[in-house]
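Notes follow once the structure below has been shown.
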């Protein structure tokens, strides 16, 4: 019973934080639909089974089964995950990443902020999502353009804080790509309405 409530509260807390962030970033309607598939039986049941409160239940399912069916279901239905944006390349005959539209990069940024808050709890800082990105292998799995746009937003978050970053996200028509080491070095490239 503890795991049912624990998992439900964790995903609901995360979802509500993403919705709040999305509204502040100017993509509120999109945020209302964030991660609804987590409440489907395909994702919710393994989520409860492998819930620890310390990490994603998908990791527990991977350790137990060798893969996570819940994750495969989730990434195939949620466009804010870069793993959704893979297609078959007719020339190389390989599955390759494609550039994500900016609206989903913004949602991915909000998702990473919320996940960092939920999992890091009192240890969360505005640098947490950037640190997580830099430690991950995500760069190898995304297109360079998608990675640099996400890097731009998370660097701005680390340097300028949440309020300023969300304000600027709301103003951006197009997310600039990170071309330097800090958001302040590249903020002049921001396209605003």
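Here residue 76 meets the list (1) touching a strand residue (DSSP E or B) at 6+ places or on another chain (Cβ under 9 Å); (2) surrounded by fewer than 15 Cβ atoms within 10 Å (Cβ to Cβ) almost entirely, failing just condition (1).
Quick one: is residue 166 part of a helix (DSSP H, G or I) and under 21 Å from residue 31 (Cβ atoms)?
Considered against the rule, which asks whether it is part of a helix (DSSP H, G or I) and under 21 Å from residue 31 (Cβ atoms), residue 166 comes out as yes.
The number of residues in the stretch 70-87 being out of contact with any helix residue (DSSP H, G or I) (no Cβ under 7 Å at 6 or more places or on another chain) and over 19 Å from residue 140 (Cβ atoms) comes to 1.
The residues in the stretch 63-102 that are assigned to a helix (DSSP H, G or I), closer than 27 Å to residue 47 by Cα and touching a residue at least 40 places away in the same chain (Cβ under 8 Å) can be counted, and the count is 2. Before we move on, is residue 159 in a helix (DSSP H, G or I), modelled with pLDDT of 95 or more and farther than 20 Å from residue 22 by Cβ? The answer is yes for residue 159.
Just name the residue that is farthest from residue 54 (Cα to Cα) out of those in the stretch 1-19 that are within 16 Å of the chain's Cα centre (by Cα) and surrounded by 16 or more Cβ atoms within 10 Å (Cβ to Cβ). That would be 19.
When every residue of the stretch 34-52 is checked against the conditions, none turns out to be crowded, with 19+ Cβ neighbours inside 10 Å, over 20 Å from residue 119 (Cβ atoms) and at pLDDT 95 or above. Looking across the stretch 121-150, the residues that are under 20 Å from residue 22 (Cβ atoms) and not in a loop (DSSP other than H, G, I, E, B) come down to 128, 129, 130, 132, 133, 146, 149, 150. Would the stretch 35-44 turn up any residue that is assigned to a helix (DSSP H, G or I) and under 24 Å from residue 143 (Cα atoms)? No, the stretch 35-44 contains no residue that is assigned to a helix (DSSP H, G or I) and under 24 Å from residue 143 (Cα atoms). Go through the stretch 134-154 and give me each residue that's under 19 Å from residue 75 (Cα atoms) and buried (at least 21 other Cβ atoms within 10 Å of the Cβ). Answer for the stretch 134-154, where residues must be under 19 Å from residue 75 (Cα atoms) and buried (at least 21 other Cβ atoms within 10 Å of the Cβ): 142, 146, 147, 150.
The values are calculated or read from the model by the stated rules, or taken from the named source; none is laboratory data. On a predicted model such as this, the values are computed, not experimentally measured, just so you know. Because the Cβ atoms are built from the backbone with ideal geometry, glycine has one as well, and the counts that use them run over all protein chains shown.
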